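Chemist: Here you go, one structure.
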């Protein structure tokens, strides 16, 4: 199975939803803690960026982005 490249992730405090947005496929919605989302983001080599209260967002680092 080929691992999908993650473009970004957003964790929502309300409901503990994690939106995983992929570069070349449909997004996934998971449920988990902020710590779990942070671990997924680290594994996908994403970096945290500023967001509004109640969410945490991670995006690809331009230096590690591979593209499609």
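The values are calculated or read from the model by the stated rules, or taken from the named source; none is laboratory data. Source: prediction; values computed, not measured. Cβ atoms come from the backbone with ideal geometry, glycine included; neighbour counts cover every protein chain shown.
Chemist: Look at segment 23-49 and say how many of its residues are surrounded by 14 or more Cβ atoms within 10 Å (Cβ to Cβ) and within 17 Å of residue 4 (Cβ to Cβ).
Modeler: Of the residues in segment 23-49, 8 are surrounded by 14 or more Cβ atoms within 10 Å (Cβ to Cβ) and within 17 Å of residue 4 (Cβ to Cβ).
Chemist: Now for a different question. Could you list all residues from segment 50-68 that are at pLDDT below 95, surrounded by 10 or more Cβ atoms within 10 Å (Cβ to Cβ) and over 18 Å from residue 5 (Cα atoms)?
Modeler: Once the filter is applied, which keeps residues that are at pLDDT below 95, surrounded by 10 or more Cβ atoms within 10 Å (Cβ to Cβ) and over 18 Å from residue 5 (Cα atoms), segment 50-68 yields only 51.
Chemist: Quickly run through segment 27-46 and pick out the residues that are at pLDDT below 95 and either in a loop (DSSP other than H, G, I, E, B) or touching a strand residue (DSSP E or B) at 6+ places or on another chain (Cβ under 7 Å) (or both).
Modeler: 44, 45
Chemist: Which residues, counting only those in segment 1-22, are within 8 Å of the chain's Cα centre (by Cα) and in contact (Cβ under 8 Å) with a residue 40 or more places away in the chain? Walk me through it before giving the result.
Modeler: Applying the first criterion (within 8 Å of the chain's Cα centre (by Cα)) to segment 1-22 yields 6-11, 18-21.
Once the filter is applied, which keeps residues that are within 8 Å of the chain's Cα centre (by Cα) and in contact (Cβ under 8 Å) with a residue 40 or more places away in the chain, segment 1-22 yields 6, 7, 8, 9, 10, 11.
Chemist: Show the residue pairs that are 6+ apart or on different chains and have beta-carbon atoms under 6 Å apart, the first residue being within segment 23-49 and on the phi < 0 side of the Ramachandran plot and free of Cβ contacts under 8 Å to residues at least 24 places away in the same chain, the second being in a loop (DSSP other than H, G, I, E, B) and surrounded by 13 or more Cβ atoms within 10 Å (Cβ to Cβ).
Modeler: 25/4
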